[in-house]
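The values are calculated or read from the model by the stated rules, or taken from the named source; none is laboratory data. Being a predicted model, the structure only gives us computed values, none of them experimental. No Cβ is skipped: glycine too gets one built from the backbone with ideal geometry, and neighbour counts run over all protein chains shown. Note: accessible area is taken over every heavy atom of the protein model, side chains too, but ligands, DNA and RNA are not part of it. Shrake-Rupley method; radii C 1.70, N 1.55, O 1.52, S 1.80 Å.
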Amino acid sequence: MSTIFSKIIAGKIPARIAYEDDQCLAFHDIQPKAPVHVLIIPKKEIERISASTEQDQPLLGHLLFVAQKIAEEQGLKESGFRLVINNGPDAGESVAHLHVHLLGGRALAWPPG
Ligand code: 5GP
């Protein structure tokens, strides 16, 4: 399994990077659904949240921690933001590499469509 996100991690496809460390990469979505739309992905190739293992727990926590740090950097701490993980066909998952969507900068409807 190798997706477009693996190519972004490898630097083979350009992306507007928001954050990077040894465990994860965050970059701006190419088709943003909100004024701020950042994807936070593990460098480890995990297909989706339902494919994660017990050993992945610290990494999964790290993704959420990084997401809220980026939200703060993007000025969303007071206005609010949403974190979304689409898992499988019914959720509209289109890239089989785990990614957390960070959305903000406008009021977001609930429930989602
Ligand atoms: P999903 O629908 O799987 O939850 O989210 C995948 C997201 O990846 C979509 O919002 C889509 O716009 C974004 N995306 C797909 N290909 C690329 C790409 O090559 N670069 C960037 N920056 N985002 C991408």
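The table that follows gives values for the structure above.
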quantity	calculated
Counted residues, region 63-87 - those being assigned to a loop (DSSP other than H, G, I, E, B) and touching a Lys or Arg at 6+ places or on another chain (Cβ under 7 Å)	1
Residues (in contact (Cβ under 8 Å) with a residue 60 or more places away in the chain and open to solvent by 80 Å² or more (accessible area, probe 1.4 Å)) located in region 7-44	33, 35
Cβ-Cβ under 9 Å pairs, at least 6 apart or on other chains, region 50-67 side under 9 Å from residue 98 (Cβ atoms), far side among the hydrophobic types (A, V, I, L, M, F, W, C) and part of a helix (DSSP H, G or I)	52/59; 52/60; 60/49
Filter result for the condition that a residue is modelled with pLDDT of 95 or more, open to solvent by 60 Å² or more (accessible area, probe 1.4 Å) and away from the ligand (no atom under 12 Å from the Cβ), over 47, 54	54
